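Undergrad: Here you go, one structure.
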Amino acid sequence: MFMELVLGLLCLGAALWLKPWRMLAGPLLTPALAGLAVLPWLWLLPQHMPQGLAVQFSGASLLVLMLGWPLAVLVLSGVALVVWALGEGGLALAVSQWVWIGLAPATLALFIGAVLRRWLPPNPFVYTLGRGFLGTAAAVFLSGLLMELIYRLAGGVALEQALVARWLMAWGDAFLTGMFCAIFVAFAPQWLATWSDERYLHPPGG
């Protein structure tokens, strides 16, 4: 838990240094509060599922798309605090979820988004399918892979079984994130800090 706590505090320190709370003065207050209200219950879900059905939804990639990485880190930190306060898993589980379900996929989603912006054309389908769907699947799975490799060194479950579960859960997360991303692009683009009409809806040749 010590290593996870250090990683989490480093991310939180970097986010606080960027002062992302200034963005809450605009339309991003609504999705930020929605994240704080909804995500804790989704993170707590595995604690109330039957044995062997520990389905886990991250939501971190969607938060990055809506809020940007710094503000998403603050919201994910708040979510982890609520999970710690209301859950039955204790501090160690809350910190593990904070890092591997929240901060790791959020950070990977940030880098994947930067790569797509650099190498692919500014197209709405690139945004929704690339960042919202495929980018989320990659970020969530790679985070789970890194977690399982570390836990494997500590004597965790069989790696092959764990990776199959992580792969399937990553696509579930990707489906929901891609769906909400497409909905917000169409009906509430002001809730997407990473969306720009000038970039993605410019006229041909503009």
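Undergrad: What number of residues within the stretch 78-111 satisfy the criterion of being closer than 30 Å to V126 by Cβ and hydroxyl-bearing (S, T, Y)?
TA: Summing the residues that are closer than 30 Å to V126 by Cβ and hydroxyl-bearing (S, T, Y) in the stretch 78-111 gives 1.
Undergrad: Going through the stretch 164-184 one residue at a time, which ones are among the β-branched types (V, I, T) and closer than 14 Å to L145 by Cα?
TA: V164 - this is the single residue of the stretch 164-184 that is among the β-branched types (V, I, T) and closer than 14 Å to L145 by Cα.
Undergrad: Name the residue, out of S77, S143, S61, that is of a type in the set (S, T, Y), crowded, with 24+ Cβ neighbours inside 10 Å, within 22 Å of T30 (Cα to Cα) and touching a residue at least 40 places away in the same chain (Cβ under 8 Å).
TA: After ruling out the rest, the residue left standing is S61.
Undergrad: Report, ordered by the first and then the second residue, all pairs with beta carbons closer than 8 Å, sequence separation of six or more or different chains, a first member in the stretch 28-50 that is under 16 Å from A60 (Cβ atoms) and part of a helix (DSSP H, G or I), and a second member that is open to solvent by 60 Å² or more (accessible area, probe 1.4 Å) and at pLDDT 95 or above.
TA: If the second residue must be open to solvent by 60 Å² or more (accessible area, probe 1.4 Å) and at pLDDT 95 or above, the pairs left are P31/W191.
Residues checked against (1) touching an Asp or Glu at 6+ places or on another chain (Cβ under 9 Å); (2) within 22 Å of A188 (Cα to Cα):
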position	(1), (2)
E4	no, no
C11	no, no
A14	no, no
A37	no, yes
L62	yes, yes
W69	no, yes
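Undergrad: Mind telling me which of the residues L110, L134 ends up being in contact (Cβ under 8 Å) with a residue 40 or more places away in the chain and either open to solvent by less than 50 Å² (accessible area, probe 1.4 Å) or farther than 18 Å from L71 by Cα (or both)? Outline the logic, then answer.
TA: On the way: L110 fails: either open to solvent by less than 50 Å² (accessible area, probe 1.4 Å) or farther than 18 Å from L71 by Cα (or both).
After ruling out the rest, the residue left standing is L134.
Undergrad: Pick from the stretch 180-205 the residues that are among the aliphatic types (A, V, I, L, M), part of a helix (DSSP H, G or I) and free of Cβ contacts under 8 Å to residues at least 12 places away in the same chain: which of them is surrounded by the most Cβ atoms within 10 Å (Cβ to Cβ)? Please lay out each step first, then the result.
TA: At the first step, the residues of the stretch 180-205 found to be among the aliphatic types (A, V, I, L, M) are 182-183, 185-186, 188, 192-193, 201.
With the extra rule that they be part of a helix (DSSP H, G or I), the set shrinks to 182-183, 185-186.
Pick out the ones that are also free of Cβ contacts under 8 Å to residues at least 12 places away in the same chain and you get 183, 186.
Working: I183: 12, A186: 10.
Taking the candidates together, the pick is I183.
Undergrad: Restricting attention to the stretch 46-58, does a residue exist that is open to solvent by 30 Å² or more (accessible area, probe 1.4 Å), at pLDDT 95 or above and either closer than 23 Å to A139 by Cα or of a type in the set (D, E) (or both)?
TA: Scanning the stretch 46-58, I find no residue that is open to solvent by 30 Å² or more (accessible area, probe 1.4 Å), at pLDDT 95 or above and either closer than 23 Å to A139 by Cα or of a type in the set (D, E) (or both), so the answer is no.
Undergrad: Every residue in the stretch 108-150 that is within 11 Å of the chain's Cα centre (by Cα) and within 12 Å of S58 (Cβ to Cβ), please.
TA: Scanning the stretch 108-150 gives L108, A109, T136, A137, A139, V140, S143.
Undergrad: I need a count of the residues in the stretch 166-179 that are open to solvent by less than 40 Å² (accessible area, probe 1.4 Å) and either among the small types (G, A, S) or in contact with a Gly (Cβ under 6 Å, 6 or more places away or on another chain) (or both). Reasoning before the result, please.
TA: We begin by selecting, within the stretch 166-179, every residue open to solvent by less than 40 Å² (accessible area, probe 1.4 Å); these are 170, 172-174, 177-178.
Okay, now just the ones that are also either among the small types (G, A, S) or in contact with a Gly (Cβ under 6 Å, 6 or more places away or on another chain) (or both), so 170, 172, 174, 177-178.
The total comes to 5.
Undergrad: May I pose another question? Would you point out the residue of the stretch 12-27, among those that are of a type outside the set (A, V, I, L, M, F, W, C) and assigned to a helix (DSSP H, G or I), that is farthest from L65 (Cα to Cα)?
TA: G13
Undergrad: Oh, and also: State which residue pairs qualify: first residue closer than 20 Å to L91 by Cα and inside the stretch 5-17, second residue of a type outside the set (A, V, I, L, M) and part of a helix (DSSP H, G or I) in any location, beta carbons under 8 Å apart, and separation of 6 or more residues or different chains.
TA: Listed pairs, sorted by first residue: G8/S77; G8/W98; C11/T107; L12/S77.
The values are calculated or read from the model by the stated rules, or taken from the named source; none is laboratory data. Keep in mind that this is a model prediction, so the values were computed, not measured. Virtual Cβ from ideal backbone geometry, glycine too; neighbours counted across all protein chains shown. Just the protein is used for accessible areas: all its heavy atoms, side chains included, with ligands, DNA and RNA removed. Shrake-Rupley method; radii C 1.70, N 1.55, O 1.52, S 1.80 Å.
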